[in-house]
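Colleague: Mind looking over this structure? Questions follow.
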Amino acid sequence: MPLTGTTNTAANTALRYLNSNAAQASSSLAKLSSGSRIVKASDDAASLAVGTKIRADVAALRQAAVNTAQASSLLQVADGGLAKISDILLRMKSLAVQAQSGSLTDSERSFLDLEYQELVGEVGNIAGQTKFNGAQLLNGASGKSIDLGGGTDTLFNPASTYANGITARLSGNAAVGTWQLSYDYTAGSSLGQFTLANGTVSDTVQFTHASNAVVYEGRISFEHAGIEISLSNFDFSATFAAGTESQFGVTGSDSLSFQVGVSSGDTIVVNIDDVRPASLGLTGTSVADTASSVTAGNALDGAISGLNAARANMGAMMARFEFASANLATSVENLDAARSTLLDVDMAAEMTRFTSLQILTQAGVSMLAQANQMPQNLLKLLQ
């Protein structure tokens, strides 16, 4: 390239390439130092946006995994208390049976009743003292429970005219209060519907069956209401309206909710039954005489059955959290891999590029020095 006047075009060209190579080498060095393929938005704006969103999701999922671990710990503490109450109820049942022996007098029964009443008190103590992080777990303060009520006209009574063994359970954060279940079908058709309402919320599930006399076995989930109804031997030809025969209650306080996902709606609601003596039907029972012992024995049968249901519910929730935790671990692993593909630098490829740019930069420096020597040759013409 010729030299014209005082302009060293060759030096300018060498300088331009030197600056370009030095800038690229600097960018490559930044990527190698940070481990990130994108050190500024202009490197790859789309991947930066997606990768940042994935990074936020991963952070949320890691905390969700901590939440599931804490939930499992809480349930284990609650189950430990329920296990001890179960042992106490078995001992109380034994005392009630012993008190019904004809070889005892009321004097001996009064001695049995001393232990019986102490055990009733201990059930209350355990229910009140079983805590996690200061929160009481077994006294109804950490969840809601279903109260199916009683009476021969109650739909949920096993002796019901409509069905045998209809039960209800909480599947979500159901509102506290009285709920009514009703069923209607269109005469001459196969269309029917169940409706669950509490005066504010009304949730309907429709069914189609072959005829009006089909017997149904299964579960109906009222997702909006947060309640699941299990039907056994239910005759679709039977209709009942909302009323005392199909009424039950939801009691307790706010349910415990654990976020186990990215979105605020990704939650698992925990309901822990109230197992205080009053809730178990043990308040006022005694084994001081034969008649009282019979009543106490029947009450204990119901209490043991209710406690078994509470422990079964506890076990089901613990199993659910275990699977939720495993799913979170898998999700974090896969999302981390996706984020790495988008944001992490390929160290081998980038190091190769950096080495090449170093060579070009060094060559640029050398050539700029050579180009700067060219005007000296021009000065020799003036000698």
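Colleague: Go through the residues of the range 280-297 one by one and say whether even a single one is of a type outside the set (Lys, Arg), at pLDDT below 85 and under 19 Å from ALA174 (Cβ atoms).
Modeller: No, the range 280-297 has no match at all.
Yes or no, residue by residue, for (1) under 30 Å from SER263 (Cα atoms); (2) more than 36 Å from the chain's Cα centre (by Cα); (3) surrounded by 15 or more Cβ atoms within 10 Å (Cβ to Cβ):
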| site | (1), (2), (3) |
| --- | --- |
| ALA25 | no, yes, yes |
| LYS31 | no, yes, yes |
| SER36 | yes, no, yes |
| LEU48 | yes, no, yes |
| THR52 | yes, no, no |
| ASP57 | yes, no, yes |
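Colleague: Tally up the residues in the range 263-286 that are without any contact (Cβ under 8 Å) to a residue 60 or more places away in the chain and either of a type in the set (Ser, Thr, Tyr) or outside any loop (DSSP other than H, G, I, E, B) (or both), please.
Modeller: Here the count works out to 4.
Colleague: For the range 277-324, enumerate the residues that are in contact with a Ser or Thr (Cβ under 8 Å, 6 or more places away or on another chain) and among the charged types (D, E, K, R).
Modeller: ARG311, GLU322 - these are the residues of the range 277-324 that are in contact with a Ser or Thr (Cβ under 8 Å, 6 or more places away or on another chain) and among the charged types (D, E, K, R).
Colleague: For the range 232-260: of the residues being at pLDDT 75 or above and hydrophobic (A, V, I, L, M, F, W, C), which is surrounded by the fewest Cβ atoms within 10 Å (Cβ to Cβ)?
Modeller: Looking at residues that are at pLDDT 75 or above and hydrophobic (A, V, I, L, M, F, W, C), I get PHE258.
Colleague: Okay, moving on. Within the range 287-296, which residues are under 25 Å from ALA310 (Cβ atoms) and without any contact (Cβ under 8 Å) to a residue 40 or more places away in the chain?
Modeller: THR295
Colleague: I need the full set of residues from the range 271-294 which are more than 12 Å from TYR116 (Cβ to Cβ) and of a type in the set (Val, Ile, Thr), in order please.
Modeller: Residues satisfying the conditions are ILE272, VAL275, THR283, THR290, VAL294.
Colleague: Quick check on GLU350: is it among the acidic types (Asp, Glu) and surrounded by fewer than 15 Cβ atoms within 10 Å (Cβ to Cβ)?
Modeller: For GLU350, the condition - among the acidic types (Asp, Glu) and surrounded by fewer than 15 Cβ atoms within 10 Å (Cβ to Cβ) - is not met.
Colleague: Give all pairs with beta carbons closer than 6 Å in which a residue from the range 297-314 that is closer than 21 Å to VAL270 by Cα and surrounded by 20 or more Cβ atoms within 10 Å (Cβ to Cβ) meets a residue that is at pLDDT 85 or above and not hydrophobic (A, V, I, L, M, F, W, C); count only pairs at least 6 apart in sequence or on separate chains.
Modeller: So the pair list comes out as LEU307/SER86; MET314/ASP79.
Colleague: When you scan the range 104-121, do you find a residue that is in contact with a helix residue (DSSP H, G or I) (Cβ under 9 Å, 6 or more places away or on another chain), basic (Lys, Arg) and buried (at least 20 other Cβ atoms within 10 Å of the Cβ), even just one?
Modeller: Scanning the range 104-121 turns up at least one residue that is in contact with a helix residue (DSSP H, G or I) (Cβ under 9 Å, 6 or more places away or on another chain), basic (Lys, Arg) and buried (at least 20 other Cβ atoms within 10 Å of the Cβ).
Colleague: Continuing with the same structure: GLN70 - would you say it is closer than 18 Å to GLN259 by Cα, surrounded by fewer than 20 Cβ atoms within 10 Å (Cβ to Cβ) and in the same structural domain as ALA329 (by TED's automatic domain parsing)?
Modeller: So GLN70 passes the test.
The values are calculated or read from the model by the stated rules, or taken from the named source; none is laboratory data. Just so we're clear, the structure is a prediction, and the values are computed from it rather than from any experiment. Cβ: placed from backbone, ideal geometry, glycine included. Neighbour counts: every protein chain shown.
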